[in-house]
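Working notes for the structure below.
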Amino acid sequence: MTLFYRSTRDKNNQVTASQAILQGLAADGGLYVPSEMPEVVLDFASLAKMTYQEVALLVMKAFLTDFTEQELHSCIAAAYDDKFSDKQIAPLKKVGSDYYLELFHGATIAFKDMALSILPHLMTTAAKKNQVNRDIVILTATSGDTGKAAMAGFADVPGTKIIVFYPKSGVSQIQERQMLTQTGENTYVVGITGNFDDAQTNVKRMFNNIALREKLHANGIQFSSANSINIGRLVPQIVYYVYAYAQLIAKQAVQQGEAINVCVPTGNFGNILAAYYARKIGVPIGKLICASNKNNVLTDFFNRGVYDRRRQFFVTSSPSMDILVSSNLERLLFELSGESDQVTSALMAQLAETGEYQLTDEMKQGLQLFYANYATEEETAAEISRLFEATGYVADPHTAVAAKVLADYRNDTGDKRVSLIAATASPYKFPRAVVEAIQKKTATADDFTLVDTLQDISGVPIPDAVSSLEKAAIRHDTVVAPEEMEQTVATILGVADEV
Ligand SMILES: *Cc1c(COP(=O)(O)O)cnc(C)c1O
């Protein structure tokens with residue numbers, strides 16, 4: 001049986017999984033959602049004995065039905081290999097009475113590796129399947145993390161190239177070094193003398209430039225996007241919630257069927273949406289707890305039923321959650337509206353025009369499944385230090401936001417169910433914030449010195465992804481003005497004379 005994907009803004013726009021992966025966003029501006037939830041037999045007693053890769057195959061074949069089992073097996077084997085420093089890929093750690101699902105053992109020590117390590121393989125397989133013979137060029141603007149994770153995934157994948165633009169003075173020392181040392185003959189990193197918005201705006205402009213698109217097609221090239229709305233990123237994220245519940249069974253932390261709560265530090269709403277889908281296919285999840293930082297637009301949304309992005313934007317110590325428009329929320333709206341493409345389109349149009357929309361009372365009913373709250377900067381730092389002092393566990397700021405909000409939830413409700421926290425980054429990715437929180441004072445040393453300090457304090461070994469950085473050769477040094485971005489892309493792709 002083929003599972004189709006349809007657009008949240010036009011239900012008649014229906015494609016196969018491989019087509020949805022190739023397109024990313026639907027042409028009508030909507031996001032692809034499964035036309036129904038696939039039936040997956042989740043026998044947790046046997047799942048508890050399976051490897052991560054085996055669980056991945058079981059889940060992904062149910063969602064990506066036009067891929068053969070052999071194709072998915074190859075994609076999974078190529079993605080979840082020794083790029084991950086932990087054999088379990090997503091190990092589950094007991095910290096105090098909670099369970100931390102560590103999603104940060106991949107190439108860039110943050111959770112985006114979970115999906116971006118497999119997306120390139122899904123995409124090239126999807127291209128073959130659909131007789132697309134063109135090379136795929138991933139074009140990305142990054143504020144620091146996604147670009148690196150995408151490059152690590154696409155590096156040396158045949159039939160692909162990846163070009164990443166980042167704000168030259170807008171990323172941390174470690175983030176910049178991670179990008180500039182990226183290996184792979186098909187990777188290109190370009191700093192721009194503007195900010196992230198400049199990078200983003202010009203990338204969007206290139207995607208929408210029809211003349212450029214035609215030139216590229218004539219040269220056997222097409223652009224594609226690796227951003228978090230692609231179902232090729234969403235589906236691999238469902239896997240680790242199934243795996244985590246199976247591991248809880250293996251550890252005898254829960255009885256089969258016993259519901260757990262899942263708390264996710266949230267930005268673009270991709271990770272928590274994957275947990276929502278995991279629940280829909282039968283993972284026993286009680287509450288979905290949506291944790292935000294000071295950019296608490298989602299907290300207000302879940303508590304009041306109003307989405308209002310007209311607010312101040314804060315730069316925080318958990319930068320991957322510094323977001324005012326959570327694009328994956330559109331998929332939840334589609335569900336809340338009873339799968340109405342008209343209602344979803346209208347709400348999204350309203351958001352674009354006025355910066356705000358409001359749910360009807362009926363739609364608000366569906367929000368009961370969620371609990372939402374947020375952590376201020378002070379609360380985040382206090383949680384890092386509290387957790388370390390109480391348990392010895394060192395959490396990064398994103399994970400600490402979730403830990404604090406889980407505590408809020410317990411205080412507000414008295415719910416004592418077993419709880420899972422999505423631990424989304426290694427503390428070594430944010431050594432300054434973590435060291436300052438634990439030492440309770442401002443750190444003046446550079447990031448690399450603070451990495452050593454963090455090891456001294458915590459005893460947690462420095463991941464290779466960080467220790468190898470200082471010695472790694474710088475391979476990229478291009479810096480251009482924002483208005484030169486298109487010319488730079490044309491030069492890289494060898495179509496400069498024609499644009
Ligand atoms: C991207 C990211 C998040 C937010 O995930 P979403 O899927 O965008 O909600 C949280 N923590 C870290 C470390 C991230 O990189």
Can you name every residue in segment 308-323 that is more than 15 Å from the ligand (Cβ to nearest atom) and in contact with a helix residue (DSSP H, G or I) (Cβ under 9 Å, 6 or more places away or on another chain)? ASP308, ARG309, ARG310, ARG311, PHE314
The lone exception for THR8 - which of (1) without any contact (Cβ under 8 Å) to a residue 60 or more places away in the chain; (2) in contact with an Asp or Glu (Cβ under 9 Å, 6 or more places away or on another chain); (3) crowded, with 17+ Cβ neighbours inside 10 Å it fails: (1)
Of the residues that sit in segment 125-155 and are of a type in the set (D, E, K, R) and in contact (Cβ under 8 Å) with a residue 12 or more places away in the chain, which one is farthest from the ligand (Cβ to nearest atom)? ARG134
Test for THR344: is it polar (S, T, N, Q), more than 11 Å from the ligand (Cβ to nearest atom) and either at pLDDT 95 or above or out of contact with any Cys (no Cβ under 9 Å at 6 or more places or on another chain) (or both): yes
Count, please, the residues in segment 246-271 that happen to be within 16 Å of the ligand (Cβ to nearest atom) and crowded, with 23+ Cβ neighbours inside 10 Å. 9
For strands (runs of 3 or more DSSP E) lying entirely in segment 272-372, having 1 or more residues that are among the acidic types (Asp, Glu) picks out 306-308, 356-358
Within segment 89-122, considering residues that are polar (S, T, N, Q) and under 25 Å from SER468 (Cα atoms), the one surrounded by the most Cβ atoms within 10 Å (Cβ to Cβ): THR108
When you scan segment 409-445, how many residues do you find that are on the phi < 0 side of the Ramachandran plot and more than 24 Å from the chain's Cα centre (by Cα)? 18
Here are SER169, SER143: which of them is part of a loop (DSSP other than H, G, I, E, B), over 22 Å from the mean Cα position of the chain (by Cα) and at pLDDT below 90? SER169
Total residues in segment 367-421, condition out of contact with any Phe, Trp or Tyr (no Cβ under 6 Å at 6 or more places or on another chain), of a type in the set (D, E, K, R) and within 16 Å of the ligand (Cβ to nearest atom): 3
Please enumerate the residues belonging to segment 125-151 that are crowded, with 24+ Cβ neighbours inside 10 Å and basic (Lys, Arg). LYS148
Restricting attention to segment 309-337, the residues that are touching a Lys or Arg at 6+ places or on another chain (Cβ under 8 Å) and among the basic types (Lys, Arg) number exactly 0
Suppose we keep only residues that are within 16 Å of the ligand (Cβ to nearest atom) and hydrophobic (A, V, I, L, M, F, W, C) within segment 272-284. Which one would you say is nearest to LEU336 (Cα to Cα)? LEU273
Quick check: is even one residue across segment 58-75 crowded, with 24+ Cβ neighbours inside 10 Å, within 25 Å of ALA150 (Cα to Cα) and within 16 Å of the ligand (Cβ to nearest atom)? no
From ILE238, ILE229, which residue is within 13 Å of the ligand (Cβ to nearest atom), among the aliphatic types (A, V, I, L, M) and either more than 16 Å from LEU329 (Cβ to Cβ) or without any contact (Cβ under 8 Å) to a residue 24 or more places away in the chain (or both)? ILE238
Listed residues LEU359, LEU351, LEU336; which is away from the ligand (no atom under 16 Å from the Cβ) and out of contact with any Gly (no Cβ under 9 Å at 6 or more places or on another chain)? LEU351
With the checklist (1) among the basic types (Lys, Arg); (2) surrounded by fewer than 17 Cβ atoms within 10 Å (Cβ to Cβ); (3) farther than 29 Å from PHE67 by Cβ in hand, flag the one item ARG213 doesn't pass. (3)
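The values are calculated or read from the model by the stated rules, or taken from the named source; none is laboratory data. Because the structure is predicted, anything quoted here is derived from the model rather than measured. Virtual Cβ from ideal backbone geometry, glycine too; neighbours counted across all protein chains shown.
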